[in-house]
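Encoded as structure tokens, the structure appears first; notes follow it.
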Amino acid sequence: MNALPCTIYVSFTGALLALVAGTRSAATARWVALVTALTTLAITLMAAVSFVPALGMQTLVDVPWVASLGVRYHLAADGISLTLLVLTAIAATAGVLFSWNIEERTGEFFALYFALIGGVFGVFLSADAFVLFVFYEIAIVPKYFLIARWGSTNREYGAMKLVLYSFAGSALVLAGLLWAYAAGGGQSFGMGDLAAAAVHFTRAEQLGMFALVFLGFAVLAGMFPFHTWAPTGHVAAPTAASMLLAGVVMKLGAYGCLRVAMPLFPVGFVFWQPTIGWLAVIGIVYAGGVALVQGDFKFVSGYSSVSHMGFVLLGLAAANVQAASGAVLQMFSHGIVAGLLFAVVGRMVYERTHTRQLADLRNLPLHRLLPFAAVTFVLAGLASMGMPGFSGFPAELTILVGTWKTSPLWAAVAALGVLLAAAFTLRAIQLSFFGSTQPAVAGAMPAHPLPPITLAEKAGALLLVGTTVLIGLKPDLLLNWIIPSLQSPLYQVILKGGAP
Amino acid sequence: MPLLSFIVFAPWVGAGLLAVLRGAKPAVARGIALAFSLSTLVLGLVVLAGFNPAAPGFQFQESAAWITSLNVHYHLGLDGLSLLLVLLTGIVGPAGLLAAWKQPGSPRAFGILFLILQGSALGVFLALDFFHWFLFWELSLVPVFFLIKLWGGAGAGRAAYQFVIYTLGGSVFMLLGFAAIFAATGTLEFGQLAHLSADGILAGRLSALGHFWPQVVFVGVFLGVAVKVPLFPFHTWLPPAYAEAPVGVSMFLTGVMSKMGVYAFLRILWPIFPGQLHAAAPCLLWLALGGVVLGAFAAMRQTDLKRMIAYSSINHVSYCLLALFAVCAATGHSGISGPAVTAALGGALLQMFNHGLSAAALFFSVGVLESRAGGRRGLDDFGGVRSAAPVFAGLCGIAMFSSIGLPGLNGFVGEFLIFRGVFGLVPWAAAIGCLGLFATAFFYLTFWQRVFHGSRSGAAKGEFADVHGVERVTLIPLIALMIVLGVLPQLLTGLFNPLVTSWVSQIALP
Amino acid sequence: MTTNYPELFCAFAGEASLVLGMLVVLGYDLTVGRKRSPTERWQASCILGGAALFSALVVGLRVGVVGPVLGGEFMLDALGVGTRAAVLVLAGLTLMLTAGTARLRNPAEFVAIVLLAATGFSLMAVAQQLLVAFLALELASLSLYVLAGFDKTRPESAEAALKYFLFGGMSAAFLLFGFSLLYGLTGSIDTSAIAAALAAQGSSPLLSVALVMVLVAFGFKAAAAPFHLWAPDVYQGAPATSAALIASASKLAGLTFFVRLLWPGLGYATGDVALRHFSPGWLAVVALLSAASLLVGNFGALAQSNLRRLLAYSAIAHAGALLLGVMAAGTAGPAPLYFYAATYGLATVGAFGVVAVLEAAGVGPQIADLAGLYRRSPLLAGCLFIFILSLAGIPPLAGFFGKFAVFAAALNFGGLASVTGWLAFAAIFLSAVALYYYLRVLKQALVAPPAPGADGRIAVPGAAALALLLAALLLVVLGVFPSLLLQIFS
């Protein structure tokens, strides 16, 4: 457990080392990156083994940072953090494997990549709102360069849009947090202290602060109607960045909502709860519908992320332990699944065929040309549509069960989203890999034989598929961490009832 | 020994083995697939040997805690109903694989998908906890999708998509319904839920949110099950799916998968929502009758033989539901006749098995015709096949007459019992249902006459080989069973009679 | 009042060493330097000037915080000492940047005037008395006018100097007029005495006039809208290193001076900007200036294609935030303001330093000309990355912490019941707008490939490289450990 903060330091060190190594050769930078990612993975897994959920929030580091403002460098972890840390480490490792083919400015790529990951680790470990915010902002800028430099379609637009949305979101968060800090007497940014101070806030203050902080985080979580950055950004990003963006960075937003906005401002939450719930439900259905008519393969994955994150927000809005535990599980699940989808679409297919238009792909007998990619995508698609046996299913089931307790209507509409997810995933599978099931026609074949799937890609895909199946069959592995964390005193005001 | 787990997972092990053996020769791949497919039959017979029909409740139970937060247990168990369907799967599964023996394309991939499908179906028949029951239920769609898509005919893509979306659409509502049930009760185990339902606790808890919620939840679960069967008017996915699928898959779909729906009616919907089912029964009876009558009349209008058998499948499966709904409708009425209920339910179970055999045999026969005619399978594409292929004509004829319900063959027993029961419970429904019987006889006889009689024409004009080799191995056991079960139906009824009796005793008799 | 000369010398040894250094530089150049090549003259002058700045810094720090000096005419408090140290560091960085990049004639004069300006800044930082403060301000301003026009080969430089001079002269007139009115009202030029007298006599129309006069001058000095019009032209036309000094040290010293004058001196006329109990006073005027600067700066910067003009508009926007810090200093003390201004100065000097190196290498002034910088000079690109992101307020750089501290203080000032709270919100949201134009610069520098024909490597002179790295390092270190700087205030 106590080694967890090292994930942050290892990532930032890895970023610097990759930058230096990149000046020598791309291969060195790659190996530095892989070792860095594996180190973080080892640290998180070792912590996972020794983790005792019953201990609740465990402080890892707590030293004064800026004494005059009452800021402490306070890192702590509980089951929720740990779940997301493991997710980040897995996604980071897979991302490195799927970026193995980056030849241009490799060192810089991995430097930015690990700067982003370091920020993400930091957010998940922070127990002080200021520290959380700092890491949150650190994670923003690398995204711009990753997309603008190494991305594809419309990359500069996508990068700018994504970063400005994220930054605008973080501005809202900052405004809300500073307001709470000031209203609480300007003593401390510690989450516990802020929560204690928030008890004395007026109702209007609570409503306002919650709205600012929650909205700020929810923008990053892709809440309808503030989601539009997500598809464009994810499509424009290079594969590893899409994987991280959809897989992990969107979770930062949801995590912020759960960790900061909700426990700090319970009165505000109760007021906004119906709005959030409906926006989440609309987002699930709307994004699912939009994904159903996309012509670009990657946009399907992009909108599916929005739809899936809608489930996370719905689980939070339902405000009981069951739904919230489902939401955290869904964060993990979607992190893995989105990574897998983007890996197949962006890396395995696009980098070989140089098209992502379903209309073009359907003329290629891709399932014959790239059988491994086809099988991977089918598995990813099944996981994405919430097929039992994959991690999405227990997550969505738990969310639906929990939501039902709060609002059956939400659950009913959200279930429609499950159906839409199945529809657009199947459509994508059909058109992309199995569009042409007839033996290849000469004219439809690509001019050059497609390069075979590399070992790195296979390793990455196996890592992700294995994780989603493992969690699908044994969700208890994570739920046993998550649920005790949600039953802690911090959430008692917010999450009422629904103890499973 | 976890015998039931072996039954469920043996096909999956086979699939895994095939997936690993990347360089396997086609013959080896076929052999492995068939061997693992046959494992169901072998293990099913082992279970049969140790099965005590008279014992109440489930046998060979396996239970282990699985997901604590959802209170999910890995719970398998078997009673007469499950055993019946396991045996059916054990017969139709290998037959389907044999039917696909000469299939073009990779036999390895076909085998993998087929074995996954078979394992999923077995899981559905043996699972007693919603969580993994649903897992198998949903998972069965995936291999079907690819089997139809990759090995099917020209319209296969669309048919497969339609099939999966339809079924998933139903499943989503069912999932939602069970989410609600779990939210209300905290358990997903069928047995416990049935108890809660019998005690009125379930309805009480569900109506805590509003008095209409028990009905809404019922409708959700009902939709999931009804689409799968399919119950009229949720059947529109079926004809294209059955028609476009390769022969072996059509056999499995009609023989086993449609039974999954009926099974779910008997195992889930009926015990958990008896009240709602009773209330809805007058309506549902009409739907079942719609399936019986309209299915038969629609089959009459088909010129594509495969679509004809597909519609006849709707008709036949609807008989099972007709029996169930008649029982539900009559439940609680004074003067309900115990023997009639017994007959109806027993007939329904028999009909499930019988239809599995006959429909599989008929689809296979159409497949034989199709293979001789280079892909054509119209009613008018053949003539005088009997003189060209007498053995085939004989076997196919037996299957057809079994399906019509000729006494002496297995189909007769089931349909007779159903009509006897329904007549005793809801006479008018039995009367209308007879229309379906006549129509069935009519279209099968048309089929028989146009294809097998007359002068050799169409595809049968030139060279037309009789069934041989693998085809015989596929068809003859099915036909033999039809005859045996027609003569000795007690072989099957003995398995589930005590179960039916216990069901009857649970229905409040005056 | 008896003058304690040892104490006086002790307190102003730094300034003395600056003046002495100036003389030495000039003397060296007149005697030895004449026979040397221009490069050697530049090096020698800069080394001597740097030595003077360094000794002033060391001496100033050794004196430390001693409180009022010379009967309260000067105030060597934490703010004063900190500001002094910061302006000296900034001036030192400017000199280092000048050393390798300037193509100017008369090196010794340039260095001497920088030292003179530094003396002015240094005195402004500690002056408590109106007349001394005004003299210090004028000393600094006059030096800056000269520096702005120092490049005699470019007409833009002369234009910049003229504009700066005209605006500056006007504002000096306003300031002097305001001071004279204050003197007339209170009979004193000592801020504490003024405060006492104002408290005794209450407000009057004349006081309002005096306040407006002072604030106009203040607005000019801080480049706050609507008195910002000189800034883009001067930043664009002046030699890059002069512009760096104008944008950084001058601003810091000016803010320190005004925050000293406004809160303790004119504390009586503060007024209140709380939404419910609004009362007129200088706070209201500063709030207006702040709001106008935030809007004009941020939206003006969106339209710029010239890097220097963009930095000018960004300076205006930052002025808006700094004024917020001035207002919040009433409750939070000057620490957030000082931190913000000092780190902003560092980042600006760095950014102008990059501009200076680029211009010395013949790379044009447009943002588009930065294309491919990452390949042409990774060092410059990397440093620019840090400076611009610090200006944008991205953690873990010092700019972020400055913003954070100022906004927190502004919200603490009266919460959302006060205009400052809403201004802080506005500033926070406008920082998202700001990120857009900052990223445009970085996109060219780090993402865009070099333009054809302009892809040669850019040589960075050693001193300039050192200065840039030093500034970047300071920004990182102060961002991660802000307490290093903030603890002097506690």
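Computed from the coordinates by the stated procedures, all read-outs in this text should not be read as laboratory data. Computed from a predicted structure; not experimentally measured. Methodologically, a virtual Cβ is constructed for each residue, glycine included, from the backbone with ideal geometry; neighbour enumeration extends over all protein chains shown.
Assorted remarks:
- Working from label points 7 Å from Cα in the Cα-to-Cβ sense, the C:Leu61 to A:Ala54 distance is 5.5 nm.
- Table column - 3J(HN,Hα) (Hz), region C:172-189, Karplus curve with 6.51, -1.76, 1.60, x for Gly and Pro: 4, 4, 4, 4, 5, 5, x, 4, 5, 5, 4, 4, x, 6, 10, x, 8, 10
- Taking label positions 7 Å along the Cα-Cβ direction at both A:Glu104 and C:Ser180, the computed distance is 6.6 nm, reported to one decimal.
- Amide H within-cut-off set for A:Ser407, under 5 Å, with H built and near neighbours excluded: none
- Calculated FRET efficiency for the pair C:Ala200/A:Thr23, C-beta based, R₀ 51 Å, to 0.05: 0.15
- Remark on B:Phe382: its backbone amide H falls under 5 Å from those of B:Ala459, a criterion applied only to residues 5 or more positions apart or on other chains, H modelled at 1.01 Å from N.
- Derived scalar couplings between HN and Hα for region B:75-90 equal 10, 10, x, 9, 10, x, 4, 4, 4, 4, 6, 4, 5, 4, 4, x Hz in order, rounded to whole Hz, by the Karplus curve 6.51 cos²θ - 1.76 cosθ + 1.60 (θ = phi - 60°), x for Gly and Pro.
- Ranked by how many other Cβ atoms sit within 10 Å of their own Cβ, fewest first, the residues C:Phe110, C:Phe174 fall in the order C:Phe174, C:Phe110.
- Under 14 Å from the Cα of C:Lys221 - aspartates and glutamates, other chains or at least 8 residues apart: C:Glu138
- For the protein assembly as shown, adding -39500 (n - 2.57) for each run of n ≥ 4 DSSP H residues and dividing by the number of residues yields -24000 deg cm²/dmol at 222 nm.
- Amide H contacts under 5 Å for A:Val71, placed H, 5+ residues apart: A:Trp65, A:Val66
- Note on the protein assembly as shown: Cα-Cα pairs beyond 50 Å make up 45% of the total pair count.
- Calculated FRET value between B:Ser106 and C:Ala451, using beta carbons and R₀ = 45 Å, to 0.05: 0.25
- Violating pairs (Cα-Cα greater than 21 angstrom) within the set B:Lys102/B:Lys149; A:Lys458/B:Lys149; A:Lys143/A:Lys251; A:Lys405/A:Lys474; B:Lys102/B:Lys306: A:Lys458/B:Lys149; A:Lys405/A:Lys474
- Angle between chain B longest axis and helix B:130-139 axis [Cα atoms, degrees, rounded to 10]: 20
- Order of A:Tyr136, C:Tyr268, B:Tyr444 under a 10 Å beta carbon neighbour criterion, fewest first: C:Tyr268, B:Tyr444, A:Tyr136
- Among the DSSP helices (H) of chain A, those spanning at least 18 angstrom by Cα along their long axis with an average Kyte-Doolittle hydropathy of 1.6 or more are A:79-98, A:106-125, A:371-384, A:408-432, A:455-473; this is a geometric and hydropathy rule only.
- In a fully extended conformation the segment linking B:Arg376 and B:Trp286 would gain 28.8 nm over its present Cα-Cα distance, using 0.36 nm per residue.
- With eigenvalues of the C-alpha gyration tensor scaled by 5 and rooted, region B:293-510, Å: 36, 18, 11
- On Cα atoms only, tilt of B:390-404 relative to the major axis of chain B in degrees: 20
- Of the residues C:Leu26, C:Leu468, the one with the fewest other Cβ atoms within 10 Å heads the list, and the complete ranking is C:Leu26, C:Leu468.
- On a per residue basis, the convex hull of the C-alpha atoms belonging to region C:270-490 measures out at 103 Å³.
- A:Thr13 paired with A:Ile282, simple spin-label distance in nm, labels 7 Å along Cα-to-beta-carbon: 4.9
- What the phi angles of region C:258-269 give under the Karplus curve with 6.51, -1.76 and 1.60, with θ = phi - 60°, is a coupling list of 6, 5, 5, 6, 6, 6, x, x, 9, x, 5, 9 Hz, glycine and proline written as x.
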